[in-house]
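The values are calculated or read from the model by the stated rules, or taken from the named source; none is laboratory data. Since the model is a prediction, treat every value here as computed from it, not as a measurement. Don't worry about glycine lacking a Cβ; one is built from the backbone with ideal geometry, like all the others, and counts go over all protein chains shown. These accessible areas exclude ligands, DNA and RNA; they are computed on the full protein's heavy atoms, side chains included. Shrake-Rupley method; radii C 1.70, N 1.55, O 1.52, S 1.80 Å.
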Amino acid sequence: KTDVQKMVNLLLQRQNGNNLWGWWGNGSSVTWISTHVIKALQMAKDMNYAIGPINFERMVQPIVYRWENDTTMADLQSLKLLQTAGMKIDYEKYVNRIEKRKGQRIGEKLELIHLRQQLKLPYSTKVLDVYKQEDIFGNIFWKDTAQYIYENEVLTTLAALKIIQADSGATINKH
């Protein structure tokens, strides 16, 4: 238990001046890193580790302000951060804004469906059948077309499986 508390203390010490986290202690904020840290701190709090008086809402208030005042804002990671922090905002409006963007990756489409599930917003699982692929052994998977390490078929397949797991009515038809 003391090792976990040491890690929690280290995370708290590395919080930057914007009340978020980045690659380095006092460096610029990185949304996906802050999302993971806030999620970890919430888990630590739920498990009765000492995290001190942390106001998750105050941490992410500048991001809420951007979403509300910048109509071009369409960053999935920052929206997930707001959801992780428990912010009460019009998620459907912002999810719709992201979905209207052209050139979405398959993985991003799947992440948006899963976010809709978590937020109890309407969603469709039809995209699972559209992008499903099958290997020569009959195993199914989903592959993103992007050429980045964080957008590969393993991560895309995991995103699809999260949707299936969260939706007891989702079915995947084999050819």
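Between segment 9-47 and segment 88-114, what is the C-alpha centre distance in whole Å? Each part's Cα centre sits 24 Å from the other's. Extending 7 Å from Cα along the Cβ direction at Ser168 and again at Ile54 yields two label points whose distance is 3.3 nm. Summarise the accessible area of segment 49-109 (1.4 Å probe, protein heavy atoms) by the percent that is carbon and sulfur. Roughly 48 percent, rounded to a whole number. For Leu119, what charge total do you get from the other residues with a beta carbon under 15 Å from its beta carbon, if Lys and Arg give +1 and Asp and Glu give -1? Net charge around Leu119: +2. Solvent-accessible surface (1.4 Å probe) assigned to Met47 amounts to roughly 120 Å². Overall dimensions of the chain, expressed as equivalent-ellipsoid semi-axes from the Cα gyration tensor (√(5λ), whole Å, largest first), are 32, 20, 16.
The residues packed around Ile38, meaning those with a beta-carbon under 15 Å from its beta-carbon, carry a net charge of +3 if Lys and Arg are +1 and Asp and Glu are -1.
Computed over the Cα atoms of segment 61-145, pair by distinct pair, the Kirkwood hydrodynamic radius stands at 14.2 angstrom. Here the extension length gained between Gln118 and Leu12 equals 35.5 nm, from 0.36 nm per residue of separation less the Cα-Cα distance. In the assembled protein chains, Thr35 presents an accessible area of approximately 10 Å² (probe radius 1.4 Å). Rolling a 1.4 Å probe over the protein chains gives Lys39 an accessible area of about 100 Å².
When the chain is treated as a GNM with alpha-carbon contacts under 10 Å, the residue of Ala74, Ala40, Ala160 showing the greatest mean-square fluctuation is Ala40. Pairs spanning more than 27 Å between alpha-carbon atoms, out of Lys6/Lys39; Lys39/Lys132; Lys93/Lys162; Lys39/Lys93; Lys102/Lys143; Lys45/Lys126: Lys39/Lys132; Lys45/Lys126. Projected label points at Thr145 and Glu99, each 7 Å from Cα along the beta carbon direction, are separated by 2.0 nanometres.
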